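Presented below is the structure to which this report refers.
The values are calculated or read from the model by the stated rules, or taken from the named source; none is laboratory data. Owing to the predicted nature of the structure, the values given are computational and were not obtained by experimental measurement. Here Cβ is always computed from backbone atoms with ideal geometry, including for glycine, and neighbour counts include all displayed protein chains. Protein only, heavy atoms only, side chains kept; ligands, DNA and RNA dropped before computing areas. Shrake-Rupley method; radii C 1.70, N 1.55, O 1.52, S 1.80 Å.
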Amino acid sequence: MRVLVVEDDRQISRQLVQALMTHGYVADTARNGEDGRFLGQTETYDAIILDLGLPVLDGLSVLQGWRQEGLKTPVLVLTARDTWSDKVKGLRAGADDYLAKPFHMEELIARVEALIRRDKGSVRSLLTSGEVQLDAATGRVTRRGEAVILTALEHRLLAYLMHRPGAIVSKAELTEHIYDQDFDKDSNVIEVLVNRLRKKFGAGFITTRRGLGYMIGDDAA
Ligand code: CA
């Protein structure tokens with residue numbers, strides 16, 4: 001899963017990126033409203049964390065702009081003060097959730113994870129496909145109850161497919177969601193990752209739909 005962090009406070013931004021990476025996400029950052037708005041318009045994200053107090057263009061204007069353009073990505077707004085008027089303004093502008101500073105990083109990660117799950121149509125944080133389970137809250141992956149160690153890219157690809165059971169996901173879409181903006185995106189890498197996941201979880205775990213993409217079955221349904 002790929003997340004955009006729009007936050008001008010360097011320390012908070014670094015902490016956010018670190019926590020997101022620890023939980024298996026990949027993150028892009030912007031330090032002012034204009035850059036943030038541009039990234040939200042041009043790149044693909046599974047969720048956006050948006051500070052309201054930003055230089056150049058304030059967070060509320062950024063959010064209003066995205067929503068007017070039809071961007072549907074879930075947005076969690078960070079407010080400087082825990083005041084009801086900031087929350088109401090944020091929600092009216094199209095925020096899906098908000099958190100007041102200072103916040104606990106674990107709460108923020110849990111909220112981002114919940115936003116993404118809801119957006120992808122799943123209500124539970126324990127995702128199951130056959131023998132494989134992914135706890136979206138902790139990032140832990142097991143097969144038949146045994147922990148499986150994955151690389152960061154393997155984990156992101158698995159998480160993206162497991163959030164969308166039964167859906168055929170194209171290589172291009174996977175490429176968009178598992179790399180950050182600075183990565184040299186190479187869709188051939190997707191095939192390599194899928195093959196590595198098949199070695200770890202069984203050949204039939206990921207189905208190839210020739211010319212269309214990849215799919216993980218919907219055993220939980
Ligand atoms: Ca700020």
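Filtering region 2-16 down to residues that are out of contact with any Leu (no Cβ under 9 Å at 6 or more places or on another chain) and over 15 Å from D35 (Cβ atoms), which residue is least open to solvent (accessible area, probe 1.4 Å)? Top of the filtered list is R2. Of the candidates R67, R37, the single residue that is open to solvent by 50 Å² or more (accessible area, probe 1.4 Å) and out of contact with any helix residue (DSSP H, G or I) (no Cβ under 7 Å at 6 or more places or on another chain) is R67.
Examine region 77-89 for a residue that is under 25 Å from G139 (Cα atoms) and either open to solvent by less than 20 Å² (accessible area, probe 1.4 Å) or in contact with a Ser or Thr (Cβ under 7 Å, 6 or more places away or on another chain) (or both), and state whether such a residue exists.
Yes, that holds for at least one residue.
Annotation note: Cβ proximity below 9 Å between a residue of region 1-17 that is under 14 Å from G53 (Cβ atoms) and a residue that is within 14 Å of the ligand (Cβ to nearest atom) and hydroxyl-bearing (S, T, Y) (sequence gap 6+ or interchain) occurs for V6/S13; V6/T29; E7/S13; E7/T29; S13/T29.
On the basis of being closer than 30 Å to L161 by Cβ, within 16 Å of the ligand (Cβ to nearest atom) and of a type in the set (S, T, N, Q), does Q15 make the cut? When the stated conditions are applied, Q15 passes them. Of all the residues in region 18-34, those that are under 18 Å from K101 (Cα atoms), more than 16 Å from the ligand (Cβ to nearest atom) and open to solvent by 10 Å² or more (accessible area, probe 1.4 Å) number 2.
Can you confirm whether region 99-115 contains a residue that is of a type in the set (F, W, Y), assigned to a loop (DSSP other than H, G, I, E, B) and at pLDDT below 90? Walk me through how you get there before you give the answer.
Pass one, region 99-115, residues of a type in the set (F, W, Y): 103.
Going one step further and asking which of them are assigned to a loop (DSSP other than H, G, I, E, B), we end up with 103.
With at pLDDT below 90 added as a condition, the list becomes none.
The answer is no; no qualifying residue exists.
Quick test for you: out of L60, L54, pick the one residue that is open to solvent by less than 40 Å² (accessible area, probe 1.4 Å), within 16 Å of the ligand (Cβ to nearest atom), more than 15 Å from L4 (Cβ to Cβ) and not polar (S, T, N, Q).
Working: L54 fails: more than 15 Å from L4 (Cβ to Cβ).
Matching residue, one of L60, L54: L60.
Among residues of region 131-159 that are without any contact (Cβ under 8 Å) to a residue 40 or more places away in the chain, those with a beta-carbon under 6 Å from a residue that is open to solvent by 60 Å² or more (accessible area, probe 1.4 Å) at least six positions away or on a different chain give the pairs D135/L126; T142/Q133; R144/E131.
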